[in-house]
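These notes are about the structure you will find just below.
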Amino acid sequence: MRALLVYYSRTGHTRKIAEEITKELQCDMDEIIDTVNRSGAGGFMTCGRQATKKELTKILPPKKDPSQYDVVIIGTPVWALTMSSPVRTYIVENKDKLKKVAFFITFGGFGAESTFHDLEDLCGKAASGTLAINTPSLKEGNYLDGVKQFSEIIKGLQ
Ligand SMILES: Cc1cc2nc3c(=O)[nH]c(=O)nc-3n(C[C@H](O)[C@H](O)[C@H](O)COP(=O)(O)O)c2cc1C
């Protein structure tokens, strides 16, 4: 099973989990690079507004072709109870190239179910696996068991 992990991270939480999963799976990784300045309070507001309105943004072309992989693992922070707009944009632009999909999210502590629902809906596919890591778990370093369990599910896909 050839796996690709793609993720977007604004402040590093999702990147941390992306790196741990990639280490477990020894798979390829591709970061979604957004072209919007999202720093500071203004940037935060832009994130919230775009996510709420389900707006797309402008991302750089991916370095890896998702159609070359059996499963694409997509990682996003939760923004306003849904996926981040760079991840929404990636899915819209690459939807036809996705075979199996699995999702992981990082979040403060609310909105996991709605985010997974929106991700499945946008991909038009049920998730082959999901992983949600909240901020307290990230801060306490209490996420490796979850990462391992999620990675085992991906390894077990046919
Ligand atoms: C605009 C915005 C909206 C957010 N909305 C939520 C939310 O609805 N629920 C939640 O639990 N966390 C929310 N968060 C917190 C992030 O999901 C969380 O800090 C995440 O781990 C950040 O990931 P990153 O460091 O990879 O960018 C929000 C953060 C931002 C910037």
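Considering the zone a paramagnetic label at residue 45 would reach in this model (a point 7 Å from Cα along the Cα-to-Cβ line), which residues of the stretch 77-121 have amide N under 18 Å from it?
The answer is 80, whose backbone nitrogens lie closer than 18 Å to the label point.
Could you tell me which of 37, 138, 52 has its Cα farthest along the dipole of the stretch 3-155 towards the positive end, charges placed at Cβ (Lys, Arg +1; Asp, Glu -1), taken about the Cα centre?
After comparing all options, I get 37.
Place a point 7 Å from the Cα of residue 2 along the Cα-to-Cβ direction; which residues of the stretch 23-57 have their backbone N under 12 Å from it?
28
Expressed in nm to one decimal, what extension gain is obtained for the pair residue 55 and residue 126 from 0.36 nm per residue of sequence separation less their Cα-Cα distance?
Contour length minus Cα-Cα distance gives 23.3 nm.
Name the residue, out of 129, 12, 111, whose mean-square fluctuation peaks in a Gaussian network model built on the chain with Cα pairs under 10 Å.
So, out of 129, 12, 111, the one fluctuating most is 12.
Could you work out how far the C-alpha centroid of the stretch 95-158 sits from that of the stretch 1-70, in angstrom?
13 Å
Suppose every Lys and Arg Cβ carries +1 and every Asp and Glu Cβ carries -1, with no other charges. What dipole size does the chain come out with about its Cα centre, to the nearest 20 debye?
Dipole magnitude for the chain comes out near 320 debye.
Which loop-located chymotrypsin sites (Phe, Trp or Tyr not before Pro) does the stretch 100-158 contain, where loop means any DSSP state but H, G, I, E or B and the Cβ has at most 16 other Cβ atoms within 10 Å?
In loop regions of the stretch 100-158 (DSSP not H, G, I, E or B), the sparsely surrounded chymotrypsin sites (Phe, Trp or Tyr not before Pro) are 110.
Mean separation of Cα pairs under 8 Å and 6+ residues apart, divided by the residue count of the stretch 47-90: what relative contact order is that in percent?
Contact order relative to length: 58 percent.
Trypsin sites (Lys or Arg not before Pro) within the stretch 1-48: which are DSSP loop residues with at most 12 other Cβ atoms inside 10 Å?
Answer in residue order: 2.
In the chain, which helices (entire DSSP H runs) extend 15 Å or more along their own long axis, judged by Cα positions, while averaging at least 1.0 on the Kyte-Doolittle scale?
What comes out of the filter, once short or polar helices are dropped, is none.
Considering the chain as a Gaussian network with a 10 Å cut-off on Cα pairs, which listed residue, 83, 45, 29, attains the greatest mean-square fluctuation?
Most flexible of the set in this elastic network: 45.
Return the FRET efficiency for the residue pair residue 68, residue 114: r is the Cβ-Cβ distance, R0 is 30 Å, and the value is rounded to the nearest 0.05.
E between residue 68 and residue 114, to the nearest 0.05, is 0.45.
Just want to confirm a number: the relative contact order over the stretch 20-158, from Cα pairs under 8 angstrom separated by 6+ residues, in percent.
Relative contact order here is 23 percent.
What is the gain in length, in nm to one decimal, between residue 11 and residue 37 on full extension, counting 0.36 nm per residue of separation less the C-alpha to C-alpha distance?
That pair, residue 11 and residue 37, stretches by 8.1 nm at full extension.
Keeping all protein chains in place, calculate the accessible area per residue for the chain (probe 1.4 angstrom), answer in Å².
50 Å²
Helix-only estimate, please: 222 nm mean residue ellipticity of the chain, summing -39500 (n - 2.57) across DSSP H runs of length 4 or more and dividing by its residues, to the nearest 500.
Rounded to the nearest 500, the figure is -12500 deg cm²/dmol.
Mind listing which GluC sites (Glu not before Pro) in the stretch 1-84 are in a DSSP loop and have 12 or fewer other Cβ atoms within 10 Å?
Those that pass, being in a loop and sparsely packed, are 55.
The values are calculated or read from the model by the stated rules, or taken from the named source; none is laboratory data. Model, not experiment: these values are computed from the prediction. Note that each Cβ is placed from the backbone with ideal geometry, even for glycine, and that neighbours are counted across all protein chains shown. With ligands, DNA and RNA removed, areas are computed over all heavy atoms of the protein, side chains included. Shrake-Rupley method; radii C 1.70, N 1.55, O 1.52, S 1.80 Å.
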